Every structure is written in C-alpha cells, then in structure tokens.
1. Working only within the stretch 1-36, note down all residues that are surrounded by 19 or more Cβ atoms within 10 Å (Cβ to Cβ), in contact (Cβ under 8 Å) with a residue 40 or more places away in the chain and of a type outside the set (Gly, Ala, Ser).
2. Under 8 Å between Cβ atoms, at least 6 apart or on separate chains: pull out the pairs that start in the stretch 89-103 with a residue that is within 14 Å of Ile15 (Cβ to Cβ) and end on any residue that is surrounded by 11 or more Cβ atoms within 10 Å (Cβ to Cβ) and of a type in the set (Ser, Thr, Tyr).
3. With the condition being under 20 Å from Phe83 (Cβ atoms), out of contact with any Ser or Thr (no Cβ under 7 Å at 6 or more places or on another chain) and β-branched (Val, Ile, Thr), I'd like the helices (runs of 4 or more DSSP H) fully within the stretch 1-63 carrying at least 3 qualifying residues.
4. How many residues, within the stretch 64-103, are over 25 Å from Leu26 (Cα atoms) and part of a helix (DSSP H, G or I)?
5. Give the residue that is modelled with the lowest pLDDT, with candidates limited to residues of the stretch 1-60 that are touching a Gly at 6+ places or on another chain (Cβ under 9 Å) and of a type in the set (Gly, Ala, Ser).
6. Could you grab the pairs with beta carbons closer than 6 Å, sequence gap of 6+ or different chains, first residue in the stretch 39-54 and free of Cβ contacts under 8 Å to residues at least 40 places away in the same chain, second one assigned to a loop (DSSP other than H, G, I, E, B)?
Amino acid sequence: MLGFLFALFLGWPAILACVVITIIGLFKKDHRFLTLAGIIAIPFSWYVSGFPQVRSLMFLSPMLLFIAAWLMFHKLDAVAWLFAVPFLLLILLFISVVLAMPT
C-alpha cells in the first residue's frame, strides 16, 4: 500500500496530472487550476531534487506555478504564461532525461 502511495504522489501519475492541470488552468485562465497543479508538483519536485539534501533547483519549480496562479488571479494572463511555460519545459526536460537513461 505504501509503495502505491509513493508511486501515486511521487511518480508519473502525479507528473502527468500536474501537466494536464497546468495546461487546463492556462487555457481556461483559472488561477485555481494553477494553484492545484503547484500543490501536486511539490512532492515529486522535492523528491527529484533530492530533498532534504537539495541538489538541484527542481526544489523551487512549484513556485513558478504559484507565481503564475497569483498573476492569473490579478488578470495578468500573458505574464502568467511566462512563468508556467518554464515549469512545463522543466518537466519536458525531466521526461527526456529519464527516457534517455540507459536501462
């Protein structure tokens, strides 16, 4: 059961859910979706960064989504996109690194 919870919150289901919710939030211009995506991103981004001995800036990547949500709340949609897209690019980079790893 514990392995299932780790896979759910730290694995690919959480990453894919975060990406989908982020895209929905950007296109619907709804800050609540971006906030939810930021909350979902916290566990897996901290896990990837090597928490508690932080070794990468992936630790701070959910902040991009929270800033985008704040900007979306204040009707600065274009600027919110400028903060959310780098997060999506970080996830794309992460996916490409994982897929390029030899087995």
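1. Residues satisfying the conditions are Ile15, Cys18, Thr22, Leu26, His31, Leu34.
2. Every condition considered, the pairs that remain are Leu90/Ser61.
3. Details: elements: 2-10, 12-28, 31-49.
In the stretch 1-63, the matching helices (runs of 4 or more DSSP H) lie at 12-28, 31-49.
4. Final tally of qualifying residues: 4.
5. Ser56
6. If the second residue must be assigned to a loop (DSSP other than H, G, I, E, B), the pairs left are Ser49/Ser56.
The values are calculated or read from the model by the stated rules, or taken from the named source; none is laboratory data. Keep in mind that this is a model prediction, so the values were computed, not measured. Every residue, glycine among them, receives a Cβ derived from its backbone with ideal geometry; neighbour counts consider all protein chains shown.
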